[in-house]
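I have placed the structure first, in the form of structure tokens, so that the comments after it can refer back to it.
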Amino acid sequence: MTEPVTVLGLGAMGYAIASAFTAAGHPTTTWNRSARPAPDGAVRTDDVTAAVTASKTVVVCLTDYEAVRSVLPPLADTLRGRLVVNLTSGSPDAARELAEWAATHDILYTDGAIMTPTDTIGTASALTLHSGHQTEVLSALGGNQPYLGAEPGRAAGFDVALLDLFWTSVAGVAHAFAMARSENIAATELAPLARGISDLLPMVIDEYSARLEEGKHPGDAANLRTAAAGMAHIIETAEARGLDASVMRAAHTLAQRAVDTGHGADGISYLTEMLERNVPENATRGG
Ligand SMILES: NC(=O)c1ccc[n+]([C@@H]2O[C@H](COP(=O)([O-])OP(=O)(O)OC[C@H]3O[C@@H](n4cnc5c(N)ncnc54)[C@H](OP(=O)(O)O)[C@@H]3O)[C@@H](O)[C@H]2O)c1
């Protein structure tokens, strides 16, 4: 029999997690602040202390760290010697602070970041990053569960970087459709060609990461001066149609700053270095 697991939080994701543990054969005990159903096969209790006592591994999935910080501290004594696997999304610093709190109470702490929607949990499509205490229990969630190291903020660090990429890309998708429709191009007409543009991203990601590793940003194939000029005409077109161009303006501001500081002939990967140069020394946090 697989080890008993407790799940605190039966929201959309907590429910999916509890279902996956149950399906994987873990005796599963659940608790939720308000009355919500537990998946078939899982035990539900209204007594959070009893829920924690039921298992050596306590998985937490609540809205945010504020919620986690309101639930866990009163349970510190009961949690002593157990493993908390916190799958609530949050910042790397919040994960580190919670890990420190756990360490002072002799609680093992794993911080996880779920990167895929609820319907992937328990299937081969799931992706759950984790760092801090290494645990096999996440294998019940299916798919991949890369362990990113003992430093507890690493999973959340990957999470914020990946969601930075996701949301800025999604903002671009939203704006591109508005731009196309302002030119009487239907979203369905643009979509196949838009997919072709997004297919370039994997190549860009590989190329930029190699350049950042080398610290060299050759601009022979594409440089920042030409990129900034291209962005300017997108802004001009959007604003002529009365469309908000703030996302593209933000991108243009970065490219233009690079041009204005003498990097117009450099490749676009230089922007990462430029962003890092603007960070005060004491604001960075190493692994
Ligand atoms: N849904 C997804 O597809 C998805 C994907 C990746 C990551 N995540 C992450 O998973 C976490 C949970 O998301 P979700 O979709 O499950 O959210 P949700 O459906 O809104 O559920 C939120 C849960 O948090 C509980 N909660 C909130 N504040 C609380 C408090 N102060 N004390 C105790 N319990 C509290 C809620 O309890 P009540 O029922 O009593 O309100 C509920 O169980 C979030 O950090 C989210 O970013 C979700």
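The values are calculated or read from the model by the stated rules, or taken from the named source; none is laboratory data. Note that the coordinates shown come from a computational prediction; the quantities given were computed from them, not determined experimentally. So basically every Cβ, Gly included, is an ideal-geometry build from the backbone, and we count neighbours across all protein chains shown.
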Problem set entry | Checking THR53 against (1) closer than 24 Å to THR128 by Cα; (2) among the β-branched types (Val, Ile, Thr); (3) more than 8 Å from the ligand (Cβ to nearest atom), the condition it does not meet | (1)
Exercise. Consider THR104 against the criteria (1) surrounded by fewer than 16 Cβ atoms within 10 Å (Cβ to Cβ); (2) within 12 Å of the ligand (Cβ to nearest atom): it satisfies all of them except one. Which criterion is unmet?
Worked result: (2)
Seminar exercise, completed: Exactly one of ASP111, ASP159 is among the acidic types (Asp, Glu) and in contact (Cβ under 8 Å) with a residue 60 or more places away in the chain, and that one is ASP159
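Going through the range 1-18 one residue at a time, which ones are within 12 Å of the ligand (Cβ to nearest atom) and buried (at least 16 other Cβ atoms within 10 Å of the Cβ)? Even if it seems obvious, please write down each step before you answer.
As a first pass, look at the range 1-18 and keep what is within 12 Å of the ligand (Cβ to nearest atom): 7-18.
Result: VAL7, LEU8, GLY9, LEU10, GLY11, MET13, GLY14, TYR15, ALA16, ILE17, ALA18.
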For this session: Please list, ordered by first then second residue, the pairs with beta carbon atoms under 8 Å, 6 or more apart or interchain, first in the range 1-14 and more than 16 Å from GLY112 (Cβ to Cβ), second more than 6 Å from the ligand (Cβ to nearest atom) and in a helix (DSSP H, G or I).
Result: THR2/ALA140; GLU3/VAL137; LEU10/ALA18
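Conditions tested, residue by residue: (1) within 18 Å of HIS26 (Cβ to Cβ); (2) near the ligand (Cβ under 10 Å from one of its atoms); (3) modelled with pLDDT under 95.
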| position | (1), (2), (3) |
| --- | --- |
| THR78 | no, no, no |
| VAL85 | yes, no, no |
| THR88 | no, yes, no |
| SER91 | no, no, no |
| ALA94 | no, no, no |
| ALA99 | no, no, no |
| LEU129 | no, no, no |
| PRO146 | no, no, no |
| PHE158 | no, no, no |
Exercise. So which residues in the range 58-78 are surrounded by 21 or more Cβ atoms within 10 Å (Cβ to Cβ) and over 22 Å from the mean Cα position of the chain (by Cα)?
Worked result: LEU72
Exercise. Looking at the range 19-42, which of its residues are more than 12 Å from the ligand (Cβ to nearest atom) and assigned to a loop (DSSP other than H, G, I, E, B)?
Worked result: ALA24, GLY25, HIS26, PRO27, PRO39, ASP40, GLY41, ALA42
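Grab the helices (runs of 4 or more DSSP H) fully contained in the range 173-281, keeping just those with 1 or more residues being buried (at least 16 other Cβ atoms within 10 Å of the Cβ) and touching a Phe, Trp or Tyr at 6+ places or on another chain (Cβ under 8 Å).
187-198, 224-240, 246-258
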